[in-house]
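*Asks:* Mind having a look at this structure? Questions to follow.
The values are calculated or read from the model by the stated rules, or taken from the named source; none is laboratory data. Everything numeric here is computed off the predicted structure, so don't read it as measured data. Every residue, glycine among them, receives a Cβ derived from its backbone with ideal geometry; neighbour counts consider all protein chains shown. Areas reflect the complete protein model, heavy atoms only, side chains present, ligands, DNA and RNA absent. Shrake-Rupley method; radii C 1.70, N 1.55, O 1.52, S 1.80 Å.
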Amino acid sequence: MHSIDLAIGGMTCASCSGRVERALRRVPGVSAANVNLATEHATVSGQVDSAVLIAAVVDAGYQARTLQAPPPAESRWPAWSASATAAVLSLPLLLPMLIMPLGLHWMLPGWLQLVLATPVQFGLGARFYRAAWSALRNRTGNMDLLVALGTSAAYGLSLFELLSQGMHAVLYFEASAVVITLVLLGKYLEARAKRRTGAAIRALQSLRPETARLRSASGAETDVPIAQVRVGDVVVIRPGERVPVDALVLDGHSEVDESLITGESLPVDKSAPDRVIGGAINGTGLLLVRTLAVGAESMLARIVRLVESAQAGKAPIQRLVDRVSAVFVPVIVLSAGVTLLAWGLVSGDWEQALINAVAVLVIACPCALGLATPAAMMAGTGAAARQGILIKDAEALELLRSATIAVFDKTGTLTRGRPRLVRLQAADGRGEVPLLQDAAALQRGSEHPLARAVIDASRERGAPLVEAGDVRALPGRGIEGRIADRVLQLGNARLMRDAGIDPGSLDLQAAELQRHGMTVSWLVQTAPSPQLLGLLAFGDEIKPEAQTAIARLQQRGIRCVLLTGDNPGAAQAVARQMAITEVHAEVLPAGKSAVIESLKRPGERVVMIGDGINDAPALAAADVGIAMATGTDVAISSAAITLMRGDLSLVADAIDIAQRTSRKIRQNLFWAFVYNLAGVPLAALGQLNPVIAGAAMAFSSLSVVGNALSLSRWRGSAREKADAAH
């Protein structure tokens, strides 16, 4: 038994991935097959040769290759060129129909209509014939088969009329060309949305450095490719470098920024025997570490697998259309065949019988059906984008409209994601300004987040700037410097203990501040006489709109949950202010996706709102992921929805526009089918000739577009509130 990975090409929807899976599972020797639509990869287990698997996929109508094989050359033409070219060729055919209500009767010569329609039908529309043939071979029906049948009928009848009637022929070339143009546009929009789903995985993989610096037993250092690093190897990590592997610190002190992985807003002090995570960024110290995990076993690789697994389970809304089309196609083809035979045998007029049969196919040709989803999507997502909400695909709208649970990350989502100085307490009676002045003097020139918070606070309060000399870092404790004849130190509780200074009554205040999730630093004087000068407390400020945003969701009956990698004190402090009763703290990325899965009980629809790489698995595992644009590219790529202004009040607006857009999609699909179901019997009874059938089909498309465009007037409450404030 072994596992084979294949790259699959030609898939456009969830039904395609299901068809490839079935084809692979039918191969003798295959025990399991899983096709991931997001990554376009197939994983097959069993005793079978890869060439046999590739042949099975090709026979099903798709492309396949091993991951080691070179990818096919990319087309020189952009993806949108097919629909744009079809539109240019179809517009002259459609124009006479558009100007007819104005009393203008103008028509292109028949031979020119043929010249314009032919490349659309057989060049740009060739993909529909190939997909239709593949569906027929697999004994299924889809929308491509409807497009191929309907447009071929309209084109074929037009060609027959042109050859038999000449200049006086009634032609339907515009019906075939416009249908192909509109469906090509819809296919392009679907493909563009699907391509974005792989961006999260590519961004995650880019976090891992290409090389690592190994130290041998003799002390020599060598840069090697990351693939050559083995468990147990000793790796040197210089200041500012990205940590290449999951490892254990052997020697050195530094502050490591793990916010991309854990969500913790502050760099974490690292010394022996602490663990460091691959993908984190080293601070100002040199670290010597021993490798604990590499390759597929690293935390970053596990996060990638979690995102891939979560994405693989998603199914687009277009699957509904494919399912209906599977029944709709044979019914329409059968109706057309019955119409042809019935009229031909009863009346003996086979030409009229052919015209009526073609009318059945033309009225049933899924122009409005193909346009229903993309038209509403374009209108809804366009209106949402103007309000700062980017929606990537129809599936997000389908799922978001019925959201019942909203899960929020803390750092950078409910809070600003950067520490601020929130409390000063002097111990020597000098007041807050001198305390802040001394602390700012020590921190000048430092890029540490807490140092920036001290500098910002000193500027806001107008504390005079003073110079500190002999400034040096105290690894694992803080910083030291000299102001005039005084030697001062600023840092953590360990620094104060090492200096032999008693915190006195401030110890209780510090404990209370830490219980509320704040970080406490101590300012002490070590010379000429040791004494405690005071404490500084840092906290992550809650976004001003957060409480209102949570309240709006709760008013909608949506349960709000806090899920964070931060400590329980900080999490509970934020939750109390937000009136959130369910809190999950100190949760790592794998744990976050597990919490999301536990919330996804029957009848529940879970939405995850986050901003960091550590949120990527949870964003992908949730029914709908919503990312803040102020966060990382990986979070944005993993999420189906992005809030461009970082304004939490847009979450409720996103749910509102999702409900409205999803409603429009369903209305459009309903009316598209109603036109077909009402028109087919009329056409079969000879009450609709192909011209009227084509006009009815065009009218159904116009009604679908008009219904969708009503969404463009939508304005979110967040924008209305902002406009009212101005």
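*Asks:* Hey, rough spin-label estimate for residue 216 and residue 288, points 7 angstrom out along Cα→Cβ, what's it come to in nanometres?
*Replies:* With each label placed 7 Å out from Cα toward Cβ, I get 1.7 nm.
*Asks:* Roughly what would the spin-label model give for residue 531 and residue 555, points 7 Å off Cα along C-beta, in nm?
*Replies:* Once both label points are built, they end up 5.5 nm from each other.
*Asks:* P(r) for the stretch 405-554: what percent of alpha-carbon pairs falls in each 10 Å bin, starting at zero?
*Replies:* Here the calculated profile for the stretch 405-554 is 11, 39, 31, 12, 6, 1.
*Asks:* Between residue 25 and residue 576, what is the spin-label point distance in nm, taking each point 7 Å from the Cα along the Cα→C-beta axis?
*Replies:* 5.3
*Asks:* Which order do the peptides 169-176, 20-27 take when ranked by the mean count of other beta-carbon atoms within 10 Å per residue, highest first?
*Replies:* Per-residue mean Cβ counts within 10 Å order the peptides as 169-176, 20-27.
*Asks:* Report P(r) for the stretch 502-583: all Cα-Cα distances, bin width 5 Å, range 0 to the bin holding the largest distance, values in whole percent.
*Replies:* 3, 13, 19, 17, 13, 11, 8, 7, 4, 3, 2, 1, 0
*Asks:* Work out from phi, with θ = phi - 60° and the Karplus expression 6.51 cos²θ - 1.76 cosθ + 1.60, the ³J(HN,Hα) of each residue of the stretch 160-169, listed in order in whole Hz, and give x for Gly and Pro.
*Replies:* 4, 5, 5, 6, 8, 9, x, 5, 8, 6
*Asks:* Kindly sort 584, 168, 253 by accessible area of their heavy atoms, largest first, with the probe set to 1.4 Å.
*Replies:* Largest accessible area first, the residues go 168, 253, 584.
*Asks:* Past 29 Å, Cα to Cα: identify those pairs from 270/410; 592/664; 392/592; 270/592; 410/600, in the order given.
*Replies:* Over 29 Å Cα-Cα: 592/664.
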